[in-house]
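The values are calculated or read from the model by the stated rules, or taken from the named source; none is laboratory data. Because the structure is predicted, anything quoted here is derived from the model rather than measured. As a convention, Cβ positions derive from the backbone with ideal geometry for all residues, glycine included, and neighbour counts pool all protein chains shown. Surface accessibility is based on the protein's heavy atoms, side chains included, excluding ligands, DNA and RNA. Shrake-Rupley method; radii C 1.70, N 1.55, O 1.52, S 1.80 Å.
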Amino acid sequence: MGDLRSKVNMRRLLRDNAVTIMFIVLCAICFYYSGQTAPYVMYELFGRLSRNAFIVLALILPIVAGMGINFAITIGAMAAQISALWVIEWGISGLSGFTVAALMTVPIAGFFGFLIGNLLNKMKGQEMIGGLILGYFANGLYQLLFLFIFGNIIPLHAPGLVVKGSTGVANTVDLSTERGFKYALDGLVRLPFGQGLYLLCGVAAVAVILMLVLKKIEKKKGFILLGVCVGAVVLYQLPFVASLFDMVQVPVVTFLVVGLLCLFNNGLMKTRLGQQFRAVGQNRTVANASGINVDRVRVIAIMISTILAGWGQLIFVQNMGSFQTYGAHEQVGLYAGAAILVGGASIRKATNGQAILGCILFHLLFIVAPPAGKNLFGDAAIGEYFRVFISYGVIALALVMHAWSGVEKKRKSKEDAEAEAAQAE
């Protein structure tokens with residue numbers, strides 16, 4: 001009986017994590033054929049994590065609230081770029097400019113999120129396709145705003161913002177000028193990987209010890225976390241491990257902000273609002289019968305997600321040093337959604353760990369696929385095509401698996417009902 005149960009559990013584990021396992025295998029194969037060195041891959045990976053992890057984590061709350069992947073985070077990215085434009089126009093540079101842009105993003109993205117949430121409440125069960133279409137619709141209004149309204153109806157005076165001899169905002173907004181905020185977060189504190197690891201493990205160890213003293217955490221869990229910190233430091237002392245991270249410079253403040261978002265997500269789930277998110281996500285009918293305002297809770301989840309997405313876009317553009325005015329936001333929802341699914345999340349359940357793992361695997365494939373395609377087939381574009389195919393494919397697979405699980409649940413419920421009816425007779 002025990003062997004049968006373990007086989008069933010193993011089969012379920014493999015089925016639930018099929019996408020993650022597939023990506024691990026693909027990344028290993030592509031890395032082998034890419035010809036790239038491990039230190040270079042780690043250097044590129046940490047750069048991508050610092051600018052992409054925040055926006056992937058912004059998807060968690062709507063998933064928990066039962067609304068699936070919020071593809072409307074594209075609109076949050078638009079709000080961030082509107083804020084960034086005005087900060088450059090006003091000449092507020094550096095960390096001050098980044099902070100002002102982040103503060104401006106809150107009311108803009110919050111208002112957009114309120115409208116999105118109310119509209120999605122009218123199309124329950126179709127939130128993901130609704131969010132996707134909303135992104136396309138909002139993009140049309142965004143193009144009108146940047147092509148015609150800004151620079152014509154609303155004048156812009158900052159150098160380089162308006163196309164010379166034409167109308168509208170320039171195709172590329174440069175954040176590396178004296179008016180920009182390139183590396184506003186990334187440039188505050190940069191440490192070699194080893195020092196960053198020691199700092200992280202030291203802070204984590206102190207926090208765990210304090211929670212143990214205050215009895216805010218179970219002893220077993222606390223000792224496990226302390227063991228992980230010690231193990232990471234000891235492992236880094238091995239020469240071949242340390243050599244993997246020779247090129248990595250850790251933007252401490254950026255990763256601190258990502259860590260704070262993880263703590264925010266966890267902390268929010270322990271509050272009354274977080275419990276309402278879970279209740280609505282599990283069963284809207286039961287939640288409504290329990291006195292929860294389902295529509296209000298769903299709107300709040302989308303508003304928070306849209307604001308966080310706007311902040312994530314600001315982190316992204318300050319790292320890049322510029323952004324394509326008319327295209328930087330277009331793939332945000334697709335790539336973030338694919339990344340969180342790669343980590344083992346579904347359109348019904350997601351955690352911080354799954355979001356981070358998915359971000360690592362998804363962007364690792366971004367790094368190694370093009371050179372692997374070039375070495376295998378003589379054309380790096382093949383790796384790019386493969387990467388795009390995977391991006392759409394993993395979302396399609398998640399939707400198919402969700403539909404299949406729904407059919408299985410209905411079939412099982414029907415069989416149970418028939419069995420109960422037969423016993424009653």
Q) residue 405 passes all but one of (1) open to solvent by 50 Å² or more (accessible area, probe 1.4 Å); (2) modelled with pLDDT under 80; (3) of a type in the set (S, T, N, Q); which number fails? A) (1)
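Listed here are the residues, each with its yes/no results for (1) in contact (Cβ under 8 Å) with a residue 40 or more places away in the chain; (2) crowded, with 20+ Cβ neighbours inside 10 Å; (3) polar (S, T, N, Q).
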| site | (1), (2), (3) |
| --- | --- |
| 64 | yes, yes, no |
| 67 | yes, yes, no |
| 73 | yes, yes, no |
| 81 | yes, yes, yes |
| 91 | yes, no, no |
| 98 | yes, yes, no |
| 117 | yes, yes, no |
| 122 | no, no, no |
Q) Quick check: anything in segment 20-30 in contact with a Ser or Thr (Cβ under 9 Å, 6 or more places away or on another chain) and open to solvent by 70 Å² or more (accessible area, probe 1.4 Å)? A) no
Q: May I ask you to verify whether residue 187 is in contact with a Leu (Cβ under 6 Å, 6 or more places away or on another chain) and either among the small types (Gly, Ala, Ser) or modelled with pLDDT under 85 (or both)?
A: no
Q: Using the structure shown, decide if residue 134 is part of a loop (DSSP other than H, G, I, E, B) and either open to solvent by less than 70 Å² (accessible area, probe 1.4 Å) or farther than 23 Å from residue 318 by Cβ (or both).
A: no
**Q.** Subset of segment 100-114 [without any contact (Cβ under 8 Å) to a residue 24 or more places away in the chain and in contact with a Phe, Trp or Tyr (Cβ under 9 Å, 6 or more places away or on another chain)]
**A.** 100, 104
Q. What about residue 129, is it touching a Lys or Arg at 6+ places or on another chain (Cβ under 6 Å), assigned to a helix (DSSP H, G or I) and of a type in the set (A, V, I, L, M)?
A. no
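What residue, of 113, 76, is part of a helix (DSSP H, G or I), closer than 30 Å to residue 154 by Cα and in contact with a Leu (Cβ under 8 Å, 6 or more places away or on another chain)?
Step by step, each of 113, 76 is checked, and only 76 is part of a helix (DSSP H, G or I), closer than 30 Å to residue 154 by Cα and in contact with a Leu (Cβ under 8 Å, 6 or more places away or on another chain).
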**Q.** Every residue from segment 142-181 that is out of contact with any Ser or Thr (no Cβ under 9 Å at 6 or more places or on another chain), assigned to a strand (DSSP E or B) and surrounded by fewer than 17 Cβ atoms within 10 Å (Cβ to Cβ)
**A.** 154
Q: Show the residue pairs that are 6+ apart or on different chains and have beta-carbon atoms under 8 Å apart, the first residue being within segment 154-177 and at positive phi, the second being surrounded by 15 or more Cβ atoms within 10 Å (Cβ to Cβ) and outside any strand (DSSP E or B).
A: 160/170; 160/177; 168/146; 168/147; 168/151
Q: Among the residues of segment 333-351, write down those that are open to solvent by 20 Å² or more (accessible area, probe 1.4 Å) and under 22 Å from residue 315 (Cα atoms).
A: 334, 335, 351
Q. Can you tell me which of 242, 205 is under 27 Å from the mean Cα position of the chain (by Cα), surrounded by fewer than 18 Cβ atoms within 10 Å (Cβ to Cβ) and either over 30 Å from residue 88 (Cα atoms) or charged (D, E, K, R) (or both)?
A. 205
